[in-house]
Amino acid sequence: MLTERELEKVLYAALGKGGDFADIYIERKDANGITCESDKIEKIHSGIDYGAGIRVVFQERTAYAYTNNVTLEGLLDAAVIVSKAVNSGKSSDVTISLSKKEVKDVSPVKYLPGDIPVEDKVALVERGNAVARAYDNRVRQVTVAYGDNISDITVVNSEGLFVQGTRIRTRMICSVVVSSGGIIQTGFESGGGTAGFEFFLNSTTPEEICRNAAARAVLMLDSRPAPAGRMAVVMAAEAGGTMIHEACGHGMEADLVQKGLSVYAGKTGEKVASDVVTVVDDATVPNKYGSFSFDDEGTVSQKKVLIEKGVLKTYMYDYLTAQRDKRPSTGNGRRESFRHKPIPRMTNTYIAPGEYDPQEIVAKTKRGLFVKKMGGGQVNTTNGDFVFDVSEGYLIENGKVTAPVRGATLTGNGPEVLRIIDMVGGDLGWGIGTCGKDGQGVPVSDAQPTVRIPEIVVGGILE
Amino acid sequence: MRGGLGMTEEKCLEIAVRAVEEAQKKGAELSESYVSHSKQLYINVREGDVETVKVTDETGLAVRLIKDKKMGFVFTTALNYESIQQIIEQALHNAAKTSADEYNILPWPSNEYPSLNVYDPRISEVSVEEKIEIAKEIERVGRAYDPRIKVTESCTYQDAVYVSALANSRGIAVSYSGTLAGATSYFVAEENGESQTGFGLEFGVTYNAVQPGKIGEEGAAKAVRMLGAKSMPTQKTVAVFDPYIVTNFLDILAPAVCADAVQKNKSLLAGKIGQKVASELITIVDDGRMAGGIMSSPFDGEGVKTGTTTVIRNGVLEHYLYNTYTAAKEGCCSTGNGIRSSSYKGTPEVDTTNFYLEPGKVSQAELLKDVHKGIYITEVMGMHTANPISGDFSVGVSGLLIENGELTTPVRGVAIAGNILELFRSVDCVANDLRFFVGKGAPTIRVGSITVSGS
């Protein structure tokens, strides 16, 4: 590891041809993965990914370089490259004096993945596999994958910031393929957190993850194609928060707002959703998949109310977008790795619980679609149009959840959906995912209570 | 030494060969090492000025080894002696805990590797300033296209110069250098408080592949033509798919022709060799040695020579794609499709190279001419949620109405759903406008009837 003096030297070199701000992000990630497929432990992978990224900001311009050569020499080379790319015409007269700041760890870990023998991790995977295999005789394939990683991160910048910390994440996914009478269906479930090996002992067991995946696949075999057209949709809490992530979250990232690429631009203080909707992004929830103690620019993590009772309160900022709006960062500056510059990203995003009994919401819906689990989604932030996939859905007929349906997607417009949500339940369910933006994937989690959208386009098959 | 790279082919190959020797010394029965070194440039321009310049320098090494028919895999970005020793031991440790599999083998050297030119020295020679000008020119052209183009989301230029070297204990020791260059444009058109987006892009292996005028105009034109888009009533109608959308569907189909998925009961094309699986107008080819192909290389991620495989010919499923493991399992030959899609960070898995739908005979205009009423689909949302195992998809789409053979008003906020095989079965016309979007290529296609869910 480089000393404080050496890191200062690299920052000075980065600002050698001018610039307003420079930072260095050093990350060493040790990752392990185990995959079980065809009833065999097929792969055990390990990797060391070590590198440093250097950024210089000059007015509206960002220069970025990274290297795997994490030595004073390697970093100085990269610093010279970024300084040339900035080339402001004058040198910077900034004085840099790093002082280390201790940051409280929001996700305490009990069992470090590195201390757990490989055979114990293999056993975890095998337990999950056995449950999924035994679930139904129509199960044709089961894939169980376990992954853990430990990242040691150092961030320093020309304003004197110096933070260091460790992030530990563990996760498991299970994918099940079933087939019968020439029809193939699949089921998927995942679980994970910014947590150690205890995650699988306390929160979610491999048996639970794999049983859910198998049950979902089997259910889809017995289901009929989803209906097509406009209808009411009730989303269960356990559906996960993909909808809020897509319909609202992305449009509230400050870079998109500032570029005029968001339907929520210029709407702070305005009513953008119905009274029953409160949306929060909170990186400080202990051990959630999108949690961290400080973001990838060294800013301490925060809880932000984005929409309060329908009124837009704040966007999500990183350093650069915060500078532009002359305000502090909200701690949403994130990056996939040292290979990428930080940009505003979500962390753990959720709709806050409301007052309705979840069962009452269904009972009050005459006809529609009940979404028990959502799949992936996508949004066009410029016009707010979004789509997401329903991985487990049922018909609602006369206030009751009835037959399972497959192949449904919900297609709608974010602002429109937020305005018409009319019931919010008192429950809250979480899901995890990897969110993609500008070619960077970061771990996030989303949550929501049971909610009702009175009318939305369901993409299905016209019988 | 090829210009602009910190590590030569010779140096990368030397490291790979040495890692294999070390692995053998430590007790591996078979071992393989892959070394990749790349330098990339990314420039993003907005509102006439550079927003981001990114310069990268990346080197990594992967080791795969087999002992007692068990395989272990590791990678590292630290290429010093101690680190390589350490990861080889980790690989042996990992291997010991995996299941034994008699098909865990590594390939012998191929008799003859294709001679390909995927390296353009100009990419290292041209200055960063000139490349910035390309990105700025893309933006200028796009903004000048129509006064309603009000916002630039991004205009980018990007390129890469790289070396791949691979060695194994059966005598493979190969390397090559390559280049890539590409550019994109993303514009927003605004009118009466409404915003619509459009994109243009082009990627190739040479510097000349990037034509700023074309890329800028494409993004702007696509954004402007979507202004005023409305939903349409739910109905069954004729659908015409733009080449870009067809390549999105090829992404969903690709895993089904990979032997790995077939052998694991994860392919909807399993057991269907020799059967008609698509319209006779459909011929799909994977060509790892295609001239100018962005995925072309002399050898695959295991050191096997690349090939040309016709996967579906005139609607009949002819061949799956294989790597060494899946070929050993079926007693056939690898088709040179052991691909390291995550470079040194993952094992070589069966995947496509340059994968394309062969063009037909008629022009796009002729294909549209016979359509009395239908939708021309130019954008999809949520394609990554389609299920490559069942082939089921349900996506949001936008595009233009087709009325009496002409493209008329824009449409958005509608969805289509179905199954990928159904879709390829019901293709009734394939145009001659084959176009590649990075590793996938397709012409415009037409489908007789599909459900469009709307208002």
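The values are calculated or read from the model by the stated rules, or taken from the named source; none is laboratory data. Not measured: the values here are computed from a predicted model. Note: ideal-geometry Cβ built from the backbone for every residue, glycine included; neighbour counts use all protein chains shown. Ligands, DNA and RNA are stripped out before the accessible areas are found, and what is left, the full protein with its side chains, is counted by its heavy atoms. Shrake-Rupley method; radii C 1.70, N 1.55, O 1.52, S 1.80 Å.
Data table
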{"read-out": "Which numbered condition residue A:381 fails, given (1) closer than 16 Å to residue A:456 by Cα; (2) within 12 Å of chain B (Cβ to nearest Cβ); (3) not in a strand (DSSP E or B)", "value": "(1)"}
{"read-out": "Among (1) more than 25 Å from the chain's Cα centre (by Cα); (2) within 14 Å of chain A (Cβ to nearest Cβ); (3) closer than 30 Å to residue A:40 by Cβ - the single one residue B:51 does not satisfy", "value": "(3)"}
{"read-out": "Residue list for the stretch B:378-431, restricted to those being within 19 Å of the chain's Cα centre (by Cα), at pLDDT below 90 and closer than 20 Å to residue B:222 by Cα", "value": "B:381, B:382, B:383"}
{"read-out": "Strands (runs of 3 or more DSSP E) wholly inside the stretch B:367-455 that include at least 1 residues being touching an Asp or Glu at 6+ places or on another chain (Cβ under 8 Å) and within 14 Å of chain A (Cβ to nearest Cβ)", "value": "B:373-381, B:392-403, B:406-419"}
{"read-out": "Verdict on residue A:166 being of a type in the set (Ser, Thr, Tyr), buried (at least 24 other Cβ atoms within 10 Å of the Cβ), outside the structural domain of residue A:337 (by TED's automatic domain parsing) and within 30 Å of residue A:25 (Cα to Cα)", "value": "no"}
{"read-out": "Within the stretch A:108-153, considering residues that are of a type in the set (Gly, Ala, Ser) and at pLDDT 95 or above, the one nearest to residue B:98 (Cα to Cα)", "value": "A:123"}
{"read-out": "The listed residue being within 14 Å of another protein chain (Cβ to nearest Cβ), open to solvent by less than 40 Å² (accessible area, probe 1.4 Å) and among the aromatic types (Phe, Trp, Tyr), out of A:66, A:50", "value": "A:66"}
{"read-out": "Test: residue in the stretch A:388-408 that is modelled with pLDDT under 95, open to solvent by less than 20 Å² (accessible area, probe 1.4 Å), over 17 Å from the mean Cα position of the chain (by Cα) and among the β-branched types (Val, Ile, Thr)", "value": "yes"}
{"read-out": "Residue list for the stretch A:18-54, filter: free of Cβ contacts under 8 Å to residues at least 24 places away in the same chain and polar (S, T, N, Q)", "value": "A:46"}
{"read-out": "Cβ-Cβ under 6 Å pairs, at least 6 apart or on other chains, the stretch A:254-280 side without any contact (Cβ under 8 Å) to a residue 40 or more places away in the chain, far side surrounded by fewer than 19 Cβ atoms within 10 Å (Cβ to Cβ)", "value": "A:275/A:309; A:275/A:310"}
{"read-out": "Segments classed as helices (runs of 4 or more DSSP H), wholly inside the stretch A:194-298, with at least 2 members that are touching an Asp or Glu at 6+ places or on another chain (Cβ under 9 Å)", "value": "A:206-221, A:254-258"}
{"read-out": "Boolean, residue B:41 is within 13 Å of another protein chain (Cβ to nearest Cβ), within 29 Å of the chain's Cα centre (by Cα) and either among the aliphatic types (A, V, I, L, M) or under 24 Å from residue A:338 (Cβ atoms) (or both)", "value": "yes"}
{"read-out": "Within the stretch A:248-281, considering residues that are of a type outside the set (Val, Ile, Thr), away from every other protein chain (no Cβ under 14 Å) and crowded, with 19+ Cβ neighbours inside 10 Å, the one nearest to residue A:339 (Cα to Cα)", "value": "A:254"}
{"read-out": "Matching entry among A:426, A:441, A:431 (being within 11 Å of the chain's Cα centre (by Cα), over 19 Å from residue A:333 (Cα atoms) and either surrounded by fewer than 17 Cβ atoms within 10 Å (Cβ to Cβ) or away from chain B (no Cβ under 12 Å) (or both))", "value": "A:431"}
{"read-out": "Whichever residue in the stretch A:53-63 is at the interface with another protein chain (Cβ under 9 Å from one of its Cβ atoms) and open to solvent by 10 Å² or more (accessible area, probe 1.4 Å) and, among such residues, is farthest from residue B:344 (Cα to Cα)", "value": "A:59"}
{"read-out": "Selection within the stretch B:289-324 - under 21 Å from residue B:204 (Cβ atoms) and open to solvent by 30 Å² or more (accessible area, probe 1.4 Å)", "value": "B:289, B:290, B:291, B:292, B:295, B:308"}
{"read-out": "Top-ranked residue in the stretch B:184-232 [being basic (Lys, Arg) and open to solvent by 40 Å² or more (accessible area, probe 1.4 Å); ranked as farthest from residue B:163 (Cα to Cα)]", "value": "B:230"}
{"read-out": "Residue match in the stretch B:148-159 (condition: more than 18 Å from residue B:46 (Cα to Cα) and surrounded by fewer than 22 Cβ atoms within 10 Å (Cβ to Cβ))", "value": "no"}
{"read-out": "Tally of residues being more than 27 Å from residue A:426 (Cβ to Cβ) and open to solvent by 10 Å² or more (accessible area, probe 1.4 Å) across the stretch A:224-247", "value": "5"}
